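Working notes for the structure below.
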Amino acid sequence: MASIITSVRHPYWGPLGAKAHETRTSLGISQAKVAQLVGLSVRDYAALESGFVPPDVASALAKVKLTELDEALGWDTGRALEYVTNAVTATIEPSKSLAAQAFTPDRSHYSTSAWIRLGKAVRAARMAEKLSRSELAYAMKSSNKTIMRLEEGRVYGDPRTAPPGDYNSERYILSRLVHLEFYLGWERDQALRILQGENRDTVSPTA
């Protein structure tokens, strides 16, 4: 699974890396200089700025005192921590995502065909990455049954519209799409765009 994680932009460190790159280049200082000041290897600091952070680099970054990065880049104390905190919040609080904002309580916001379209895209991506339903379920903090229902498009906004014993809440799934996207290497809100009929090239022609 590491091959998947290393191929996508890290949701926590990405925003900080982008701002660090912007500031460092405006100051005209090298990556090597900043890396030395914060106690990182040049490779690890370069990964931070790129946003494509493999697990071993993420472990190294977790040990860095962000106040030292503030000092190296001439930022106010706490600015680096703010970038990371905001990124973490946006990832773990689905209420801040476009998918959750688009949800209308007590009824299905998206049609059955839209969920079937997303389900086909999810299954195709999962199979391409040779992932089991169990692995994807773990990433979404959910269950195998939920992944099966999602891939088959059996998602409902109201339990009264679902077959007995087959209810999978639209609100529940929308709240976990950010985890799904990260694990499959999709862009943020790509799942929502598929639900809305965009990004059809990610789905089979019959979807």
Check your understanding: When both residues are 6+ apart or on different chains and their Cβ atoms are under 7 Å apart, which pairs have a first residue that lies in the stretch 17-42 and is under 19 Å from residue 85 (Cβ atoms), and a second that is of a type in the set (S, T, N, Q)?
Key -> 17/50
Review point. So, in the stretch 131-153, of the ones that are part of a helix (DSSP H, G or I) and touching a Lys or Arg at 6+ places or on another chain (Cβ under 7 Å), which residue ends up surrounded by the most Cβ atoms within 10 Å (Cβ to Cβ)?
Key: 147
Study note, to complete from the structure: Subset of the stretch 187-207, residues open to solvent by 40 Å² or more (accessible area, probe 1.4 Å) and at pLDDT 75 or above, comes to 187, 188, 193, 196
Review point. Do the conditions hold for residue 167, that is, is it modelled with pLDDT of 85 or more and either buried (at least 18 other Cβ atoms within 10 Å of the Cβ) or touching a strand residue (DSSP E or B) at 6+ places or on another chain (Cβ under 7 Å) (or both)?
Key: no
Review point. Hey, among the residues in the stretch 33-60 that are among the polar types (S, T, N, Q) and not in a loop (DSSP other than H, G, I, E, B), which one's surrounded by the fewest Cβ atoms within 10 Å (Cβ to Cβ)?
Key: 59
Revision key, fill the gap. From the option list 183, 156, single residue qualifying as within 24 Å of residue 89 (Cβ to Cβ) and touching a residue at least 40 places away in the same chain (Cβ under 8 Å) is 183
**Study point:** Number of the condition not met by residue 19 [criteria: (1) at pLDDT 80 or above; (2) open to solvent by 50 Å² or more (accessible area, probe 1.4 Å); (3) closer than 20 Å to residue 191 by Cβ]
**Key:** (3)
Practice item. Could you tell me whether any residue of the stretch 87-101 is in a loop (DSSP other than H, G, I, E, B), small (Gly, Ala, Ser) and either on the phi > 0 side of the Ramachandran plot or modelled with pLDDT of 85 or more (or both)? Key: no
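The values are calculated or read from the model by the stated rules, or taken from the named source; none is laboratory data. No experiment lies behind these values; they were computed from the predicted model shown. Backbone-built Cβ (ideal geometry, glycine too); neighbour counts: all protein chains shown. Quick note on the areas: whole protein, heavy atoms, side chains included, nothing else; ligands and nucleic acids left out. Shrake-Rupley method; radii C 1.70, N 1.55, O 1.52, S 1.80 Å.
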